[in-house]
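Notes follow the structure.
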Ligand SMILES: Nc1ncnc2c1ncn2[C@@H]1O[C@H](COP(=O)(O)OP(=O)(O)OP(=O)(O)O)[C@@H](O)[C@H]1O
């Protein structure tokens, strides 16, 4: 059997010091396999983003074991974390595009640490922007694009290097129904074709069916559920 891309074992996480120290994650245990698309749902403030940033090596694991792409993150030296981050595609809420660069140049930046020449980088960036529906905006600057278009550039940037792991926090929040579906379909295709794992956090019940598996965070504890038992689906009256 192939190794999981993510293995989380009894992870606890705390914010604050001394009397203000507060536990946010409790004994979180989970695995994500290559090629798998996992969607994490859960109420605001339940710890989803905290877990995503721990998995993405953007925050130090404090307790428990966190293995990502074969690397143990607990007590890992920072140079290993830097290396690991190159193999992860991040789509977070603040899309952090560089205003002085065009859409294509922003996407090409993600290829700089990879062994492609300029010409290949340009072709790959254009192909990925086309895949997210931005073929007409390749040379636009962020200021000239809508929120949804900027989000799509950020998604193209995260996916262009075919990362083994994609972590996405509300990737469809700024998108209309069709664009939202398109981008999650692109992520799903990447997972299936390249054996990458995709873990995405969403409140968008229109995309839950894209997942192979659903997990739910509540008060810092993680549980699995079936799509027809989804708390979001039930809320929206689409259960069953
Ligand atoms: N840097 C921090 N310092 C202290 N507390 C924090 C910090 N970051 C998050 N928290 C707290 O940790 C808890 C979990 O936050 P987190 O952002 O992980 O939740 P979430 O499930 O992603 O919420 P949302 O769906 O609103 O994004 C919240 O109570 C939050 O206030």
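Relative to the globular-protein estimate of 2.2 N^0.38 Å, the Cα radius of gyration of the chain stands at 1.01. Note: relative contact order over the chain, using C-alpha pairs below 8 Å and six or more positions apart, is 26 percent. Between helix 147-159 and the chain there is an angle of about 80 degrees, using the helix long axis and the longest principal axis of the Cα atoms. Helix-only arithmetic for the chain: the sum of -39500 (n - 2.57) across DSSP H runs with n ≥ 4, divided by the residue total, places the mean residue ellipticity at 222 nm at -9000 deg cm²/dmol. Once the mean of 1/r is taken over each pair of separate Cα atoms and inverted, region 20-159 shows a Kirkwood hydrodynamic radius of 17.1 Å. Per residue, the Cα convex hull of region 129-219 amounts to 102 Å³.
Relative contact order (percent) for region 86-150, with alpha-carbon contacts under 8 angstrom and 6 or more residues of separation? Here the relative contact order equals 44 percent. Taking the 0 to 90 degree range and rounding to the nearest ten, how far is the long axis of helix 118-131 tilted relative to the main principal axis of the chain, both from C-alpha atoms? The angle comes out at about 70 degrees. Note: relative contact order over region 63-190, using C-alpha pairs below 8 Å and six or more positions apart, is 32 percent. With the highest mean first, a sort of the peptides 208-215, 188-195 on other beta-carbon atoms found within 10 angstrom per residue produces 208-215, 188-195. With a Förster radius of 22 Å applied to the beta-carbon distance between residue 219 and residue 81, the computed FRET efficiency rounds to 0.20. For region 142-187, the Kirkwood hydrodynamic radius from C-alpha pairs, put into Stokes-Einstein at 10 °C and a viscosity of 1.306 mPa s, yields a diffusion coefficient of 145 µm² per second.
Our Cα-only numbers for region 95-178 put the radius of gyration and Dmax at 12.0, 36 Å. For the chain, the longest principal axis of the C-alpha atoms and the axis of helix 177-194 are separated by about 80°.
Is the C-alpha gyration tensor of region 1-69 telling us rounded, prolate or oblate? Criteria: a/c under 1.5 is rounded; beyond that, a/b larger than b/c is prolate, otherwise oblate. Prolate is the answer for region 1-69, as a/c is 1.5 or above and a/b outweighs b/c. Note that region 49-102 carries a Kirkwood radius of 12.3 Å, evaluated over its alpha carbons pair by pair.
Values in this text are rule-based calculations from the coordinates and carry no lab data. Owing to the predicted nature of the structure, the values given are computational and were not obtained by experimental measurement. Quick reminder, even Gly has a Cβ in these numbers, built from the backbone with ideal geometry, and neighbours come from all protein chains shown.
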